[in-house]
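Asks: Could you have a look at this structure, given as structure tokens, before my questions?
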């Protein structure tokens, strides 16, 4: 009996040395848009790349194996992956979504709701009473994001999966922040796992893509059918690059989260930091649940500076290694200001309800030397503490 391969082996070796034409060790890229029929009315395994492509299928197979699903669909972006799951809903269906989800997901849900394609309830899923009220409305889909973006809130996937099932709803979990290296939502009861493959799975900030992994074969087939109808499938070359990045997922995440944990401790003790949001800290309210359902705490964290807008600007502009940019999960460290970047489209009131304020910053920790990243942050705090050089209003220039 063949021994089941470890996830690290699946990531590194799935599809290796499988080329039957020339014996290539690395799986080749199939860039062809169409494939020849064997004869009249004799289609082969592949006909047209929008429908299926060997390079994309190998990535989908690898992701399905890593997440423990029956099948996966690779899409053109993470937002397209969320939208693909939403496409399974009937008109008038209810979606229960996190009130503090990624700004792009919030924008998509609100826009689809605005077109009356379905109903949506943005709920604090950690609030037992609020979640109970939403589930009593018989939703068709519950969308979970844990850890949340950007405040790293944790919800119990297993508990919500059980309650969603009782309510007759499917559960979709956005696993972008942790990847299958650190969290397996299907094993905890999820029906769908959503990824922006742009982030940790690719890991090199040179591809935009997404994926949905389905726990049930019927759901995987339904997703594949609709992806073909709408044409949201990803490009073969993007699939090749994502698979190449996926080969090093486990060692990358291991190194990144080690540094992130030390940075979180450094920030927690700093007088210019009002709050640090990182589930690996024992003081984090979701620490116990995260410890139970995750294999690690990841390399994403956020903080709230004890500063006004000018101080936040001085801090960010003094950084040299943390690049001010959107996205996350690459080998380089990034810093984002959610209120003006990733979550700007939510609107001020929605951000206020989610707990995102103008002093909130999100860090994606990369693979640079830990000492260099800590020094970069220290330089930012030095700039923050420096009085503004701008003249006060009414003062002489």
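Asks: Rounded to the nearest 500, what is the 222 nm mean residue ellipticity of the chain from helices alone, with -39500 (n - 2.57) per DSSP H run of 4+ residues and division by all residues?
Replies: -11000 deg cm²/dmol
Asks: So, one more: Pick from 254, 136, 170: which is most flexible by mean-square fluctuation in a GNM of the chain where alpha carbon atoms under 10 Å apart are linked?
Replies: Maximum fluctuation in the GNM of the chain, among the listed residues, is at 136.
Asks: Once the Cα atoms of helix 236-246 and of the chain are each reduced to a long axis, what angle between those two axes, in degrees from 0 to 90 to the nearest 10, is obtained?
Replies: With rounding to tens, the tilt is 60 degrees.
Asks: Right, next: Going by alpha carbons, how many degrees (0 to 90, nearest 10) lie between the helix axis of 157-166 and the longest principal axis of the chain?
Replies: 60
Asks: So which residue, out of 100, 19, 83, gets the largest mean-square fluctuation from a GNM of the chain using Cα contacts under 10 Å as springs?
Replies: Among 100, 19, 83, the largest GNM mean-square fluctuation belongs to 19.
Asks: Here's a follow-up. By how many degrees, between 0 and 90 and to the nearest 10, does the Cα long axis of helix 309-318 differ from the longest principal axis of the chain?
Replies: On a 0 to 90 degree scale, this one is about 70.
Asks: For residue 230 and residue 5, FRET efficiency with R0 = 41 Å and r from the beta-carbon atoms, rounded to 0.05?
Replies: In this case the efficiency is close to 0.75.
Asks: Rounded, prolate or oblate for region 8-93? Axes are the square roots of the Cα gyration tensor eigenvalues, ordered a ≥ b ≥ c, and the cut-off for rounded is a/c under 1.5.
Replies: oblate
Asks: Another question, then. Can you compute the equivalent ellipsoid semi-axes for region 121-214, i.e. the square root of 5 times each eigenvalue of the Cα gyration tensor, sorted largest first and rounded to whole Å?
Replies: 25, 13, 11
Asks: Still on this structure: On a full-extension model of 0.36 nm per residue, what is the gain between residue 349 and residue 317, subtracting their alpha-carbon distance, rounded to one decimal in nm?
Replies: 8.8 nm is the gain from fully extending residue 349 to residue 317.
Asks: Kirkwood Rh over Cα pairs of region 231-324 into Stokes-Einstein at 37 °C, 0.692 mPa s: D in µm²/s?
Replies: Here the translational diffusion coefficient equals 206 µm²/s.
Asks: Starting from the Cα-Cα distance between residue 358 and residue 41, subtract it from 0.36 nm times their residue separation and give me the gain in nm to one decimal.
Replies: 108.0 nm
Asks: Please work out whether region 315-379 counts as rounded, prolate or oblate from its C-alpha gyration tensor, where a ≥ b ≥ c are the square roots of the eigenvalues and a/c under 1.5 means rounded, while otherwise a/b larger than b/c means prolate and anything else oblate?
Replies: Prolate is the answer for region 315-379, as a/c is 1.5 or above and a/b outweighs b/c.
Asks: For residue 166 and residue 306, calculate 0.36 nm times their separation in residues minus their Cα-Cα distance, and state this gained length in nm to one decimal.
Replies: 46.0 nm
Asks: With N set to the residue count of the chain, report its C-alpha Rg divided by 2.2 N^0.38 Å to two decimal places.
Replies: 1.03
Asks: Return the single residue from 295, 310, 187 with maximal mean-square fluctuation; model: Gaussian network over the chain, springs between Cα atoms under 10 Å.
Replies: 310
Asks: I would also like to ask the following. Which percent of the Cα-Cα distances in region 249-385 go past 28 Å?
Replies: Value for region 249-385: 13 percent of Cα pairs lie more than 28 Å apart.
Asks: Between residue 119 and residue 283, what is the FRET efficiency for a Förster distance of 35 Å, r being their Cβ-Cβ separation, to the nearest 0.05?
Replies: 0.40
Asks: Pop the C-beta distance of residue 127 and residue 22 into the FRET formula with R0 = 51 Å and round what comes out to the nearest 0.05.
Replies: That pair, residue 127 with residue 22, gives E of 0.30.
Every read-out reported here was derived from the displayed coordinates using simple, explicitly stated rules and does not represent laboratory data. Here the structure is a predicted model, which is why all the values come from computation and not from measurement. Note: ideal-geometry Cβ built from the backbone for every residue, glycine included; neighbour counts use all protein chains shown.
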